[in-house]
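**Q** Below is a structure I'd like to ask you about.
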Amino acid sequence: MNVLVIGGAGYIGSHVVKELMNKGHKVTVFDNLSSGLKQNLFKENGFIKGDILNTKDLDKAFKKGFDAFIHLAAFKAAGESMLVPEKYSVNNITGTLNILNSAVQHDCKYMVFSSSAATFGEPQYCPIDENHPKNPENYYGFTKLEIEEFMAWYDKLKGLKYAALRYFNAAGYDPEGVLYGLEQNPANLLPIIMEVACGMRPKMKIFGNDYDTPDGTCVRDYVHVTDLAIAHVKALEYIVKNNESLTVNLGSEKGTSVTEMVEAARRITGKEIPADYVERRPGDPAKLVASSKFAEEKLGWKAQYSDVETLIGSTWNAYQKFNKK
C-alpha cells in the first residue's frame with residue numbers, strides 16, 4: 001500500500017514507518033518537525049513538511065493519492081493538557097478534523113489513529129477492556145475520545161474505515177538500534193529517568209506516593225514502541241482487508257509502578273538516578289493496565305518486547321548512542 005504517515009518523524013511515528021517499510025509498504029511522511037526529527041526520516045521515503053492546522057498543506061499531500069494514512073500528530077502530555085487545554089483543542093481536535101476533511105475529499109478512506117487508554121479515566125476494573133466505561137480524567141484523554149467519535153461519524157457518513165488503537169505508556173526504542181532520535185522535551189517517565197541517568201537533568205520528580213497501589217506510586221502499562229508499531233501495521237492491513245472499522249486496546253497486561261521502573265533503571269544503567277517524591281498531579285489515576293485480548297483475537301497481536309528489561313535496555317542504548325554523536 002501507499003501510506004501517508006502524519007507525524008512520521010516523531011518517536012512513535014518513526015517506529016511505525018520502519019515497520020511499514022519492513023512489510024513492503026510505500027511510505028510518505030508528513031510532519032511539521034515541531035517535535036519530530038529529521039534524523040528519524042528514512043531516505044527511502046517521501047517527506048512533506050506540513051502542518052495539520054494548515055488545510056492547504058494537507059490538501060497538497062492528499063492530492064498525491066494514498067491508499068491509507070496513519071495519524072500520530074496529536075499532542076500527548078496529559079499533565080500539560082490540564083494546564084493549557086486550548087493548545088490541545090486546537091491541535092488535537094481542529095487538526096484532526098482538518099485531516100479527516102482532506103482525506104475524504106481526496107478519497108483516502110482507510111485510517112489508523114493513535115488513540116489512548118486515557119479515554120477511560122479512573123478504572124472501574126483492571127485490566128481495562130474495550131467495553132470499559134469512558135470517562136477521561138484529563139483533557140488529553142477527552143480530545144482522544146472526541147476524535148474517536150468524529151471517526152465513527154465519518155465512517156457512517158463518508159465511508160471512512162478506521163482503526164483506533166488505545167494504549168497507555170509507549171516506551172523503549174528500536175531494538176535494532178536504527179532509530180535513536182530522542183524525544184524533545186519529554187513528559188513521559190522513562191525518558192525523564194534516562195535524562196537523569198545521563199546527567200542531562202540533576203534529579204527527577206515522582207508525582208505522588210500515597211496512591212492505593214502496593215508502593216504508593218502510580219502503576220502504568222508500558223508498551224514497547226516496536227510492539228505498538230507492529231500493531232499499527234496489523235490494524236491497517238486488517239481494516240483494508242475486511243473493510244470495517246476497529247477499536248482495540250493495546251497493553252502488555254503487566255502493571256509497573258513508577259518506583260519499580262526507577263529501581264529497575266538504577267539496576268540496569270548502574271546510575272544513581274536521584275528522585276524526589278512530590279505532590280500528585282491532577283488527572284493521574286492510580287492504576288491503568290489495558291487488556292489486549294481483543295487485539296490478539298482480531299489482529300493476532302501480542303506484546304513481544306514490553307518486558308521491563310527490554311524497555312529500559314533499549315532506551316538506555318538510544319540515550320548512550322545519541323550522547324556519543
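**Q** Given the condition in contact with a strand residue (DSSP E or B) (Cβ under 9 Å, 6 or more places away or on another chain), farther than 22 Å from K203 by Cβ and crowded, with 19+ Cβ neighbours inside 10 Å, answer yes or no: does some residue in region 261-281 qualify?
**A** No.
**Q** Identify all residues within region 282-325 that are open to solvent by less than 20 Å² (accessible area, probe 1.4 Å) and over 28 Å from I128 (Cα atoms); write none if there are none.
**A** The answer is A318, Y319.
**Q** Please state which one of E237, E244 is out of contact with any Cys (no Cβ under 6 Å at 6 or more places or on another chain), modelled with pLDDT of 95 or more, under 30 Å from W153 (Cβ atoms) and part of a loop (DSSP other than H, G, I, E, B).
**A** E244
**Q** Keeping to region 177-192, report how many residues are in contact with a Lys or Arg (Cβ under 9 Å, 6 or more places away or on another chain) and at pLDDT 95 or above. Even if it seems obvious, please write down each step before you answer.
**A** Start the filter on region 177-192 by keeping residues that are in contact with a Lys or Arg (Cβ under 9 Å, 6 or more places away or on another chain), which leaves 177-181, 187-189, 192.
Now narrow it down to the ones that are at pLDDT 95 or above: 192.
Qualifying residue count, region 177-192: 1.
**Q** Which of the helices (runs of 4 or more DSSP H) found entirely inside region 1-119 contain at least 3 residues meeting this: at pLDDT 95 or above, under 21 Å from G172 (Cα atoms) and β-branched (V, I, T)? Break it down stepwise before answering.
**A** Working: elements: 11-22, 55-62, 78-83, 85-88, 95-105.
Answer list for region 1-119: 11-22.
**Q** Let me ask another. Could you tell me which numbered condition E183 fails, if it satisfies all but one of (1) in a loop (DSSP other than H, G, I, E, B); (2) touching a residue at least 12 places away in the same chain (Cβ under 8 Å); (3) of a type outside the set (S, T, Y); (4) within 26 Å of E296 (Cα to Cα)?
**A** E183 satisfies all of (1) in a loop (DSSP other than H, G, I, E, B); (2) touching a residue at least 12 places away in the same chain (Cβ under 8 Å); (3) of a type outside the set (S, T, Y); (4) within 26 Å of E296 (Cα to Cα) except (4).
**Q** Residue by residue through region 163-198, note down the ones that are over 21 Å from S35 (Cβ atoms) and touching a His at 6+ places or on another chain (Cβ under 9 Å).
**A** Hits for region 163-198 are A163, P175.
**Q** Within region 154-180, restricting attention to residues that are part of a loop (DSSP other than H, G, I, E, B) and charged (D, E, K, R), which residue is farthest from T226 (Cα to Cα)? Before you say what the answer is, go through the steps one by one.
**A** Looking only at region 154-180, we keep the residues that are part of a loop (DSSP other than H, G, I, E, B), and these are 159-160, 168, 172-180.
Imposing the further condition that a residue be charged (D, E, K, R) reduces the set to 174, 176.
Working: D174: 6, E176: 10 Å.
Once the filter is applied, the top-ranked residue is E176.
**Q** Another question, then. In region 18-34, which residues are under 24 Å from S102 (Cα atoms) and in contact with a helix residue (DSSP H, G or I) (Cβ under 8 Å, 6 or more places away or on another chain)?
**A** L20, H25, V27, T28, V29, F30, D31
**Q** Here's a follow-up. Go through the residues of region 196-214 one by one and say whether even a single one is crowded, with 23+ Cβ neighbours inside 10 Å, at pLDDT 95 or above and closer than 20 Å to S306 by Cβ. Don't jump to the end; show me each part of the working.
**A** Of region 196-214, the ones crowded, with 23+ Cβ neighbours inside 10 Å are 197.
Add one more test, that the residue is at pLDDT 95 or above, and what stays is 197.
Going one step further and asking which of them are closer than 20 Å to S306 by Cβ, we end up with none.
Within region 196-214 (the criterion being crowded, with 23+ Cβ neighbours inside 10 Å, at pLDDT 95 or above and closer than 20 Å to S306 by Cβ), the answer is no, since none of the residues qualifies.
**Q** Working carefully through the options E253, E260, E309, find the one that is closer than 20 Å to L189 by Cβ, touching a helix residue (DSSP H, G or I) at 6+ places or on another chain (Cβ under 9 Å) and at pLDDT below 95. Quick ask: steps written out before the conclusion?
**A** Numbers: E260 fails: at pLDDT below 95; E309 fails: at pLDDT below 95.
Going through E253, E260, E309 in turn, the sole match is E253.
**Q** With the structure loaded, tell me whether L33 is touching a Gly at 6+ places or on another chain (Cβ under 7 Å) and either among the β-branched types (V, I, T) or open to solvent by 30 Å² or more (accessible area, probe 1.4 Å) (or both) or whether it fails that test. Outline the logic, then answer.
**A** On the way: touching a Gly at 6+ places or on another chain (Cβ under 7 Å): no; either among the β-branched types (V, I, T) or open to solvent by 30 Å² or more (accessible area, probe 1.4 Å) (or both): yes.
No: the conditions fail for L33.
**Q** Right, another one. Condition first: hydroxyl-bearing (S, T, Y) and closer than 29 Å to Q39 by Cα. Now tell me which residues in region 277-325 satisfy that. If you could, list the steps in order and put the result at the bottom.
**A** Filtering region 277-325 down to residues hydroxyl-bearing (S, T, Y) leaves 277, 291-292, 305-306, 310, 314-315, 319.
Those that are hydroxyl-bearing (S, T, Y) and closer than 29 Å to Q39 by Cα: Y305, S306, T310, S314, T315, Y319.
**Q** Considering only region 38-70, state which residues are polar (S, T, N, Q) and open to solvent by 50 Å² or more (accessible area, probe 1.4 Å).
**A** Step one: list which residues in region 38-70 are polar (S, T, N, Q), which gives 39-40, 45, 54-55.
Hits for region 38-70 are Q39, N54, T55.
**Q** Another question, if that's okay. With (1) in contact (Cβ under 8 Å) with a residue 60 or more places away in the chain; (2) over 30 Å from E244 (Cα atoms) as the list, and E176 as the residue in question, which single condition is left unmet?
**A** Condition not satisfied by E176: (1).
**Q** Looking only at region 180-187, decide whether some residue is open to solvent by less than 10 Å² (accessible area, probe 1.4 Å) and in contact with a Leu (Cβ under 7 Å, 6 or more places away or on another chain).
**A** From region 180-187, those open to solvent by less than 10 Å² (accessible area, probe 1.4 Å) are 181; that's our starting set.
The next check asks that each one be in contact with a Leu (Cβ under 7 Å, 6 or more places away or on another chain); those that pass are 181.
Yes, some residue in region 180-187 is open to solvent by less than 10 Å² (accessible area, probe 1.4 Å) and in contact with a Leu (Cβ under 7 Å, 6 or more places away or on another chain).
The values are calculated or read from the model by the stated rules, or taken from the named source; none is laboratory data. None of the values given here were measured: they were computed from a predicted structure. All Cβ positions, glycine included, derive from the backbone under ideal geometry; neighbour counts span all protein chains shown. All accessible areas refer to the heavy atoms of the entire protein, side chains included, with ligands and DNA or RNA removed. Shrake-Rupley method; radii C 1.70, N 1.55, O 1.52, S 1.80 Å.
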